Amino acid sequence: MQRRLHPLLSNTPGTRREIESLSFGRCQTGRKAYLHAGLHADEPPGLLVLFHLVDLLLAAEGHGSIAGEIVVVPLANPIGMSQGLLHHQMGRFELHSSENFNRNYPDLTAFISDEIIDGLGPDATANAQQLRNTVARALADAKATTELDALRITLVSLAHDADIVLDIHCDDEAVMHLYTETPYWQHAEPLARYLGAKVTLLAEGSGSAAGGAFDEALSGLWWRIARTRAAQSKTVPVLPLACFAATVELRGAADVSHALARHDAQMLYAYLCSAGVIDEAAPPLPPLLGEPTPLSGSMPCLAPHGGVVAFHVDVGSHVDAGDAIADVIDPVSRQVSTVTAPVAGCFYARTAVRTARANQSLGRIAGGQALRAGPLLGA
Ligand SMILES: [Zn+2]
């Protein structure tokens, strides 16, 4: 294992932060996988899962069975990890700028000029390497002006040439679920099976007004170029879907235990075996627990007014449209309103707070119909 430190630009005198990456296996040969946790620094399950995965990877490296390279960043966001307000950790948004740590990632297609695309040949693998080299040069030249910029550029630089990128998060209260881009569903299915994901949400870009999430910035390069060129009636280059990137939502923020984390680490390890990054036989694929659904079909259950929230259903339940999800009780007016499911599907995530304000989302249902347009991710 090689340990590398990546210093971040410091914005204020007397402060200095760095990102640590751990590299296993043989660089420059075979497939590369990249995993990090804690980009939203108040989401601890992934930190413990990678802690246990590192033990498995150290053993695998000792046996010489890592076929390619695996890069693990055990804590992706030291800025968010250090933030707190009123006795609560604040790890989702940078307090200085109010920016979500998982938005505003660079559009890597902007680094690829028409001249470079026109110069590509018939070999998809060689073309992918040429684009990766171009992106690497552009990232090396990128000048961060803030510590947050430096964090984003560092993480993308570590991950951009990986075949597999897993950005490990969690929700408030939730069952295991994944986000990835629609063209990559076949890549995602084994991961969904090993992790036991009940929901996989698919989109071609999230349409986020604040800029793309980490995973879509990396996976989007490989289908967006072909899409753009076809729309411009230009020659479409021969390119593979070279970077499968997914956001893994490890249940809820309080679902932290050695038992769960060891299990999840073993399942990530199994997936890396199945993907050929670790040269060991992968265990049999478990059944798929839920067919993928469109991210644009993920529908919020909205509180009609403020009050105390009492749920009728647990996360992971299948609900039909019109089923009671929760009561919202205004203790002053004594109004009780029952929030019902807007669509049928898996009620996969809900708020961990049992008070609500008017129009707040209390939870989400993975519906099968694409009903939403515009930005598909929340703040
Ligand atoms: Zn998150």
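Quick check on region 122-144: of everything there that is open to solvent by 10 Å² or more (accessible area, probe 1.4 Å) and in contact (Cβ under 8 Å) with a residue 60 or more places away in the chain, which residue is nearest to residue 81 (Cα to Cα)? Ranking the candidates gives 144 first. Given the conditions (1) over 24 Å from residue 178 (Cβ atoms); (2) open to solvent by 10 Å² or more (accessible area, probe 1.4 Å), and given that residue 75 satisfies all but one, which numbered condition is not satisfied? All conditions pass for residue 75, except number (1).
Select, from 61, 43, the only residue that is of a type in the set (Asp, Glu) and assigned to a loop (DSSP other than H, G, I, E, B). Exactly one residue qualifies, and that residue is 43. One residue alone among 154, 125, 109 is touching a Lys or Arg at 6+ places or on another chain (Cβ under 6 Å) and of a type outside the set (Lys, Arg), and that residue is 109.
Listed conditions (1) within 19 Å of residue 108 (Cα to Cα); (2) out of contact with any Phe, Trp or Tyr (no Cβ under 8 Å at 6 or more places or on another chain); (3) not in a helix (DSSP H, G or I) are all met by residue 241, apart from (2). Scanning region 296-320 for residues that are open to solvent by less than 10 Å² (accessible area, probe 1.4 Å) and not in a strand (DSSP E or B) yields 297, 303. Of the residues making up region 99-124, those that are under 25 Å from the mean Cα position of the chain (by Cα) and in a helix (DSSP H, G or I) are 108, 109, 110, 111.
Of all residues in region 41-69, those satisfying the criterion of being under 30 Å from residue 146 (Cβ atoms) and either outside the structural domain of residue 151 (by TED's automatic domain parsing) or buried (at least 22 other Cβ atoms within 10 Å of the Cβ) (or both) are 41, 43, 45, 46, 49, 50, 69.
Residue by residue through region 210-221, note down the ones that are under 12 Å from residue 109 (Cβ atoms) and without any contact (Cβ under 8 Å) to a residue 60 or more places away in the chain.
Residue satisfying the conditions is 219 alone.
A single entry from 196, 207, 252 fulfils the requirement of being open to solvent by 10 Å² or more (accessible area, probe 1.4 Å), in contact (Cβ under 8 Å) with a residue 12 or more places away in the chain and closer than 24 Å to residue 94 by Cα: 207. The set of residues from region 330-370 being open to solvent by 50 Å² or more (accessible area, probe 1.4 Å), over 26 Å from residue 248 (Cβ atoms) and outside any loop (DSSP other than H, G, I, E, B) comprises 336, 338, 340, 355.
Could you please find all residues in region 231-259 being away from the ligand (no atom under 16 Å from the Cβ) and among the small types (Gly, Ala, Ser)?
Those that are away from the ligand (no atom under 16 Å from the Cβ) and among the small types (Gly, Ala, Ser): 231, 233, 242, 257, 259.
Scanning region 268-295 for residues being surrounded by fewer than 20 Cβ atoms within 10 Å (Cβ to Cβ), of a type in the set (A, V, I, L, M, F, W, C) and over 16 Å from residue 24 (Cβ atoms) gives a total of 5.
Remark: pairs (first residue in region 76-88, at pLDDT below 95; second residue in a loop (DSSP other than H, G, I, E, B); Cβ separation under 6 Å; 6+ apart in sequence or on different chains) are absent.
The values are calculated or read from the model by the stated rules, or taken from the named source; none is laboratory data. In this text, all values refer to a predicted model and were calculated from it rather than measured experimentally. Note: ideal-geometry Cβ built from the backbone for every residue, glycine included; neighbour counts use all protein chains shown. Side chains are part of the model used for accessible areas, which takes the heavy atoms of the whole protein and leaves out ligands, DNA and RNA. Shrake-Rupley method; radii C 1.70, N 1.55, O 1.52, S 1.80 Å.
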